[in-house]
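Q: This is the structure, below, for whatever I ask next.
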Amino acid sequence: MSESDLMDALDAWETYWSEAQRAAITVITTAFPALGEQPRYVGCHPLRLEYEEAGLGAGRVCFDEEGRVHVDFDGVPNQVIGRAVDEVRFPSLDGADGPLCEAPPGTYAYENEVTSSEWEFVLGEDGFGRVVISFATVPDTAAVLDALARHSVPAEPAAGGGPGS
């Protein structure tokens, strides 16, 4: 094998990897349309999506160099988190003795030993919680994000500015 062959193989791998990353972004933004691409920050994962939306909180999704997804959403209504997590049906959540939509405020977690992914769902005392996902696969993350988007709380229209006012 020559150095040229190696360079050709590396170029082919880089092309494949770039296509895989673009496909991952397409899957995640299809599952959670509020996300938009952001410029890269120094010291951050190379691919980063962010959102801020009334009734759904704010946060970011990053893709690491190994194709894993990291999510950090805050200010998400507890009812949205509970319904979404119950729909996805994790095998077990540490701390949950039943459906999450019926659980009291607290932190509920799942660790997948097969994929090494970590899932944390915090139901806040004030009715708003947090979703933190680390080292997850694109399909698993898309399932949770899709459920969160579908169970989102519609934003309240501004007083006096909606139809029929």
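Where a number appears in this text, it was derived from the coordinates with a stated rule and is not lab data. The model shown is predicted, which means the values in this text are computed figures rather than measured ones. Here the Cβ is made from the backbone with ideal geometry for all residues, glycine too, and neighbour counts use every protein chain on show.
Q: Quickly work out the D74-to-S2 label distance, labels modelled 7 Å from Cα along the C-beta direction, and quote it in nm with one decimal.
A: 5.6
Q: Considering only T137, T115, T29, give the residue with the highest GNM mean-square fluctuation for the chain, with springs between Cα atoms whenever their separation is below 10 Å.
A: In the Gaussian network model the winner is T115.
Q: Hey, another quick one. Loop by DSSP (not H, G, I, E, B), at most 12 other beta-carbon atoms within 10 Å: where is the longest site-free stretch of the chain for trypsin sites (Lys or Arg not before Pro)?
A: Working: sites that count: R40, R89.
Longest run free of exposed loop sites: 90-165.
Q: Rounded to the nearest 500 deg cm²/dmol, what is the calculated helix-only ellipticity per residue at 222 nm for the chain, with -39500 (n - 2.57) per DSSP H run of length n ≥ 4? Please list the in-between numbers first.
A: Numbers: 3 runs with 53 residues, N = 165.
Computed mean residue ellipticity for the chain: -11000 deg cm²/dmol.
Q: When a/c reaches 1.5 or more, the comparison of a/b and b/c decides; with that in mind, is the chain rounded, prolate or oblate per its Cα gyration tensor? Don't jump to the answer; show the numbers that get you there.
A: Details: a/c = 2.82, a/b = 1.61, b/c = 1.75.
Note, shape of the chain comes out oblate.
Q: Something else about it: State, to one decimal in nm, how far the label point of R22 lies from the label point of L10, with both points 7 Å from Cα in the Cβ direction.
A: 2.2
Q: Given the options A147, A54, A31, state which has the largest fluctuation in a GNM of the chain using a 10 Å cut-off (strictly under) for Cα springs.
A: A54
Q: Something else about it: What's the extension gain from E52 to N112 if we count 0.36 nm per residue and subtract their Cα-Cα distance?
A: 18.8 nm
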